[in-house]
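First the structure, in the form of structure tokens, and then the observations on it.
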Amino acid sequence: MARADRLMQLMQALRRHRRPVTAAVLAEETAVSERTIYRDIISLQVSGVPVRGEAGIGYVLGSGFDLPPLMFTPEECEALMLGLRFVRERSDASLQRVIDDTRAKIEAILPPALEESFNSAPLFAPVYRQREVARIDEAILRRALREWRKIRIRYRDVKDEVTNRIIWPVALGYFETTRGLSAWCEMRQGFRLFRTDRIEELGLLDEKIPRRRALLMRDWENSMEREREACGTSREPLSRQA
């Protein structure tokens, strides 16, 4: 690998880590020796790249530093297309339009040599079973997640019982034939998983979720971990069924 490419790869690795990362970890990620990492760190610092830290403790890329625009590799083009295809196969119509717009934007910046790698990527994520159709506009769910707002739903559970609930949406999962909204349920006082095809009515409330996103996400992840331990399985459910 050319030295300039190696330095660019090192900067990308540093940008990927938000906390100080050791030379050993950087060496493993970039497939070079630790000695080379130390030399390259010095080269970046001399060139004006704000890399802070020291040997034995770790390095971090200073805030406010922007890498120049990077062109994708053929492997990155294939990974991007796989991700776009995966989501498009499992999403609703409004998100499919977003995926199509995103694909067009990527195509517009690719040189001809990489356009073939992108459009003809031999990686697919098909769905062969019929997908469940949601009755509500899932774009509203994504808006609630972005704006960190409560929602009111009318929900029909697996026992065909209907309840009205106010929930705090945390994450929206895209499975093969269904989508699942993981949320804190005020009625149940716990995290629950709501299948979007069982939500009969949906209303976006003006009220913000009264907890910081990071804290609620952490509690949700801890809840999932406790559930996995209790079930004694390697499955990774979003949360308990509503």
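The values are calculated or read from the model by the stated rules, or taken from the named source; none is laboratory data. These numbers come from a predicted model, not from an experiment. Virtual Cβ from ideal backbone geometry, glycine too; neighbours counted across all protein chains shown. Areas reflect the complete protein model, heavy atoms only, side chains present, ligands, DNA and RNA absent. Shrake-Rupley method; radii C 1.70, N 1.55, O 1.52, S 1.80 Å.
Worth a mention:
- On region 44-166, 53 percent of the accessible area sits on carbon and sulfur atoms, based on a 1.4 Å probe.
- Among MET187, MET224, MET81, the sequence by solvent-accessible area, most first, with a 1.4 Å probe is MET187, MET224, MET81.
- Couplings 3J(HN,Hα) of region 130-143, computed from phi: 5, 7, 6, 9, 6, 8, 10, 7, 5, 5, 5, 4, 5, 5 Hz, in residue order, whole Hz [Karplus 6.51 cos²θ - 1.76 cosθ + 1.60, θ = phi - 60°; x for Gly and Pro].
- The long axis of helix 3-16 is offset from the longest Cα principal axis of the chain by roughly 30 degrees.
- Label selected from (1) 19.0, 58; (2) 22.6, 67; (3) 16.7, 54, the criterion being Rg and Dmax of the Cα atoms in Å as computed here: (2)
- Rounded to 10°, Cα long-axis angle of helix 213-231 versus longest principal axis of the chain: 70
- Counting only lysines at least 8 places from LYS208 when in the same chain, those with an alpha carbon closer than 23 Å to its own are LYS150.
- The H on the amide N of GLU200, modeled in the peptide plane, is under 5 Å from the matching H of ARG154, TYR155, ARG156, each at least 5 residues off or on a different chain.
- For the pair region 95-138 / region 189-229, the C-alpha centres are spaced 28 Å from each other.
- Other-chain or far-sequence residues with amide H under 5 Å of GLN241's (modelled H): LEU193
- Computed with a 1.4 Å probe over protein heavy atoms only, the accessible surface of region 161-242 comes to 55 Å² per residue.
- Calculated SAXS-style log₁₀ I(q)/I(0) at q = 0.18 Å⁻¹ - region 96-239, Debye, Cα scatterers: -1.10
- Virtual spin-label span in nm between ALA24 and ALA4, 7 Å along Cα→Cβ: 3.4
- For region 1-36, trypsin sites (Lys or Arg not before Pro) are listed when DSSP marks them as loop and at most 12 other Cβ atoms sit within 10 Å of their Cβ; the list is ARG18.
- When chymotrypsin sites (Phe, Trp or Tyr not before Pro) are flagged only if DSSP places them in a loop and at most 10 other Cβ atoms lie within 10 Å, the longest unflagged stretch of the chain comes out as 1-123.
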